[in-house]
Every structure is written in structure tokens, then in C-alpha cells.
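Novice: Attaching a single structure in C-alpha cells format; questions to follow.
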């Protein structure tokens, strides 16, 4: 059993996925992402916030902070995140978790926030959910650090791994927005409901957001399940495979 087959079995996707011919089938080499089963055409969805979501009220000092962040390069941005005490989360965590990967990545994967393992090691997605994410990447011939950047909506671990609160997300989001400006990814993949709604400015169910091409500041944005959710709901892995195939289809057209 080769590494790719082992990964697909881990994702509960083998032998459900199919090859449709090409050099991979002839040579026995791992199939390219283009061999994913095609998904139905989808319509781009505007990212305007829903009416039910109240607008954020930004004070002059917050505006100044956001302006400062928007002008930072990588070294200064990393330093500011490391020393950040702008919200209550910093007081309860070991360290901030900046993000990791290729700083000129084509793919940007965004999760919710650090967990216990991430808080201890200072890197996103290093626990069991991280191992599953690495397998998800490998299934579409991607690898952490090679044309891939991984980040979170918030940079500090929330107490008891609770969902970040709205003001915490609003405080931390400018850091991610600056990363997007610096990386200039071709595609963003939001992992889970919290990340998806934070990037879209919505409060919507994840199921209603999947399978659609969204927009984040001019960059295509796709939504799928968070790997931590899949650890408890393995039957949803097939849906993630569909989302990943959709993502590769979109990427090929960019």
C-alpha cells in the first residue's frame, strides 16, 4: 500500500474515489488533483454581511491600530502578534500562535484558533486535527510549507477551547487580513464554521456555505469542515473530499 492509498483510507475515501484515465492510471503513479470527480457547477456568492449581524463599532484607537497593522511587513507583524495583549485571550494562553508555511503560498488554510498542543508548541494544527489536515493536504498533493500557509482566526488559545467571542475575533482579524495582503494567495480555504463566518461577516450554518465560491477581499474563498470536527464525525470526511476536489478545480482555473 503506497502513502497516497493509506491517506485516502484514513480519510474514509478509498476505494470510493475513481480515476478516469490519464498518465497516473497507466504508470501506477499517484493521481493528480485533476482526477478528482468533478463537482456540480456553483454560483459565486457575494460576501456582504447578513442584515442580522450588527456592524462593528470601531473607535479611533482601534482604527489607528488597524492602520498600523496594515502597513507592517513580516518581521514587524510577527513581533506585534507575539507581544499582543489587545484582548483577554492573551492573559490565559502560553503564547501566541502566529501561523506557519510558505509566505508566498498559493493556498491559505484558515482555522478557528489554537488548541492545547498548538498553545504549547506555538504552531497551528500540530495535534490530532493537524495530522488529519496534513493527510487532507496530501490527498490533493499538497504539503505543509510548500505553496501552503496555515493560520487561524485568533492567535491565542481560548479558555477550555471555547469558541472565540465576537470581540476577540474582531480584535485579531486585522492580523489575518495583513497576512492575506502579504501572502497574496490564489485561494483561501476556511476550516469550520467559526473561520468561515469570521471571513464572510456572517452568522450562517456551515452546510449553507459549503459548495459555493465566496470572496474575501477579492480572493476566492471556499468552506469546508474543521479537521477537529472530523475526528468526532468521521462520516463527514467524504464531504471534505468533495470540497477538496472542488478547491482543486477552482485552483486550476485561476
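No lab work stands behind these numbers, since they all come straight from the coordinates. Only a predicted model underlies this, so the values are computations on that prediction, with no experimental measurement involved. Backbone-built Cβ (ideal geometry, glycine too); neighbour counts: all protein chains shown.
Novice: How would you classify the stretch 166-226 from its alpha-carbon gyration tensor, with a ≥ b ≥ c the square roots of the eigenvalues: rounded for a/c under 1.5, else prolate if a/b is greater than b/c, otherwise oblate?
Specialist: Oblate shape, in that a/c is at least 1.5 and b/c is the bigger or equal ratio.
Novice: Just the number: Rg to Rh for the stretch 98-180, Cα atoms, Kirkwood Rh, two decimals.
Specialist: Reported Rg/Rh, Kirkwood definition of Rh: 0.97.
Novice: For residue 141 paired with residue 231, estimate the spin-label separation in nm (one decimal), with each label point 7 Å from Cα along the Cα-to-Cβ line.
Specialist: So the label points at residue 141 and residue 231 sit 3.0 nm apart.
Novice: If you take the square roots of the eigenvalues of the alpha-carbon gyration tensor of the stretch 146-254 and sort them as a ≥ b ≥ c, do you get rounded (a/c under 1.5), prolate (a/b over b/c) or oblate? Could the numbers behind the result be given before it?
Specialist: Values: a/c = 1.67, a/b = 1.10, b/c = 1.51.
Oblate is the answer for the stretch 146-254, as a/c is 1.5 or above yet b/c matches or exceeds a/b.
Novice: Sort 84, 156, 172 by Cβ crowding within 10 Å, fewest neighbours at the top. Mind dumping the intermediate values first?
Specialist: Values: 84 18, 156 27, 172 24.
Starting with the residue having the fewest Cβ neighbours, the order is 84, 172, 156.
Novice: State the extension gain, in nm to one decimal, for the chain segment bounded by residue 203 and residue 217, taking 0.36 nm per residue of separation less the distance between their alpha-carbons.
Specialist: 3.2 nm
Novice: Further, regarding this structure: Write down the percent of antiparallel bridges among all DSSP beta bridges whose residues are both part of the stretch 56-152, to the nearest 5.
Specialist: Of the beta bridges lying entirely in the stretch 56-152, close to 40 percent run antiparallel.
Novice: Rounded to whole Å, give me the distance from the Cα center of the stretch 108-187 to that of the stretch 229-247.
Specialist: Here the two parts' Cα centres lie 18 Å apart.
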